[in-house]
Amino acid sequence: MNRLALFLPLALFAVLTIVLLLGLDKDPAELPSALVGEPFPAFTLPSLYDANRSLDERNIAGEVVLVNVWATWCFACRIEHVMLNQLAEQGVKVIGLNYKDNREAAIDWLKERGDPYVFSIFDEQGRLGIDLGVYGAPETYLLDAMGTIRHRRVGVVDDRVWDSEFRDLYAQLMADKR
C-alpha cells in the first residue's frame, strides 16, 4: 500500500501533463459559443444617439450584418475601429453594441474616429452582453438575414481575421440572401 501511495503523485502529474499538452494546439481566441446557429437574443435597449428611441432584435433582422461589441474603455477597440470603418465603406452593414460605457464619451469617440455603424445599441448595464455571453470587448458576431448568429469572434477583427474567418462566410450569406 505504501508503494502505491508513492507513485500516485507521479501518476497524477503525468495525467495532468498530458491534458495540458493536448490543449496547447487550441487558439485562445476561439471561444465556443452556444449561440452560434441560434437567433440573436431578444432585447429592448435604447439607441446610443437617442435615448428615447428603443431598438430590439427586429432592427437587426432582414440583412446580413456584423454586430460589433465595443466600448471607449477598450484599447483593442481602437485598433479594430479602422477595419470596421473600411468594412462599412465597402458596404458591409455593421451594427454597434456599445457595452457598459458612458453615452457622451461613446458619442464623442465615434465623432473623433468615424462611425462605421448603421446604428448603435446602448447597453449601459451589459444586459444584452450577458445574453450574448460577452467576455469583453471587442467581440463581433456575423448574423444572417434571418437574425441567426453564424459566427462569433472574440478579439480584434483585422484584415487577417476578416480574410480567414469572415469574408467567405459573409459572401455566402449575401449570395443566399438574393
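The values are calculated or read from the model by the stated rules, or taken from the named source; none is laboratory data. These figures come from a predicted structure and were not determined experimentally. Note that each Cβ is placed from the backbone with ideal geometry, even for glycine, and that neighbours are counted across all protein chains shown.
Suppose the filter is without any contact (Cβ under 8 Å) to a residue 12 or more places away in the chain and either within 14 Å of the chain's Cα centre (by Cα) or closer than 27 Å to A105 by Cβ (or both); does F75 pass it?
When the stated conditions are applied, F75 passes them.
Inclusion of R167 among residues that are among the basic types (K, R), surrounded by fewer than 18 Cβ atoms within 10 Å (Cβ to Cβ) and out of contact with any helix residue (DSSP H, G or I) (no Cβ under 7 Å at 6 or more places or on another chain) is warranted. Residues that are more than 25 Å from M174 (Cβ to Cβ), more than 14 Å from the chain's Cα centre (by Cα) and surrounded by 15 or more Cβ atoms within 10 Å (Cβ to Cβ) within region 44-72 comprise L45, P46, S47, L48, Y49, T72, listed in sequence order. In region 32-51, the residues that are within 16 Å of A145 (Cα to Cα) and assigned to a strand (DSSP E or B) reach residues that are at pLDDT 95 or above and of a type in the set (S, T, N, Q) with C-beta atoms within less than 7 angstrom, at least six apart or across chains, in these pairs: P39/T148. All of V94, V157, V134 fail the test of being modelled with pLDDT under 95, of a type outside the set (F, W, Y) and crowded, with 19+ Cβ neighbours inside 10 Å, apart from V134. Mind checking which residues of region 118-153 are farther than 19 Å from E104 by Cα and hydrophobic (A, V, I, L, M, F, W, C)? If the condition is that a residue be farther than 19 Å from E104 by Cα and hydrophobic (A, V, I, L, M, F, W, C), then L128, I130, L132, V134, L142, L143, A145, M146, I149 are the ones that fit.
From the list V94, V82, which residue is β-branched (V, I, T) and touching a strand residue (DSSP E or B) at 6+ places or on another chain (Cβ under 8 Å)? Just a single option satisfies the conditions, and that option is V94. Considering only residues in region 127-167 that are of a type in the set (D, E, K, R) and within 9 Å of the chain's Cα centre (by Cα), the one that is nearest to V36 (Cα to Cα) turns out to be R152.
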